[in-house]
Amino acid sequence: PDGLQRPARSCLRGVLMESLGGRPHAPAVAQARQERGFFWPQELRRPVTPGAFGETPLQPLTRDGRVAFLFLTRGRHHLPDVWQDYWRGRESRISIHGHAKDRNWPRSSGPKDWLGAAQIGEHVPTEWAGISLVHAEMALLKAALRDPQNQFFVFASESCVPVRPLHDLLQMLSIDGRSRFRLANYWQVHATNEFKSARAAPGGPVIPREWRFHTQWMLLNREAAGLLAANAHLID
């Protein structure tokens, strides 16, 4: 209620054992199935085999699977050559999708303008710090989900650059199929960005302090991406 997040005790017991590689904690599995029923549309729910213990493991990246890079930008990318070097030789393992606020930047006569060529059909007039950014990200996600070979989805901005080889990312995802994003509580955000934490301050818009913040630049597996797309109506 009112955005408060209070995990059930049954979900907390055995979490340490599970995180260290033990078997899934049965009460937590049962509670998760009960709680998530409201959010999961019928076509995304997994069939549960009678007598099965735990959830189906998250699928890692397969040999023919791809990582989709979703660029949300104001215009052209600041460092396009860095990205070209990043995926050079492994183009078959990636796909590129772009949503630029302004798509009318001058096209150079040199190397291919990969971001210009990757612009999706849907265009959302975006504004800084507005919900329009979320709508644009959802448009990128839905466009990338149409390709069944896209198994993971990475959001990036016009300033984002990779710091490790693409091989490392592909290797990591081929072992572990989980999503990646960084969470921070109210006090962690307040210590580094008072503008964001002020939204939860007295007198301002009501954002419960139990909420968790995370950056919009994240990596999602196909299960999480499909769940978001199926519940896009909750954004407004």
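Figures for the structure shown
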item	result
Selection count, segment 95-133, where residues are assigned to a loop (DSSP other than H, G, I, E, B) and open to solvent by 30 Å² or more (accessible area, probe 1.4 Å)	20
Qualifying residue in segment 192-199 (condition: open to solvent by 90 Å² or more (accessible area, probe 1.4 Å), at pLDDT 80 or above and out of contact with any Asp or Glu (no Cβ under 9 Å at 6 or more places or on another chain))	yes
Given (1) under 21 Å from A100 (Cα atoms); (2) at pLDDT 85 or above, number of the condition R222 does not satisfy	(1)
Segment 70-84 - residue that is open to solvent by less than 90 Å² (accessible area, probe 1.4 Å) and outside any strand (DSSP E or B) and, of those, nearest to A136 (Cα to Cα)	G75
Odd one out for E210, checked against (1) charged (D, E, K, R); (2) open to solvent by less than 90 Å² (accessible area, probe 1.4 Å); (3) at pLDDT 80 or above	(3)
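The values are calculated or read from the model by the stated rules, or taken from the named source; none is laboratory data. Model, not experiment: these values are computed from the prediction. Here the Cβ is made from the backbone with ideal geometry for all residues, glycine too, and neighbour counts use every protein chain on show. Only protein heavy atoms, including side chains, enter the accessible area calculation; ligands, DNA and RNA are left aside. Shrake-Rupley method; radii C 1.70, N 1.55, O 1.52, S 1.80 Å.
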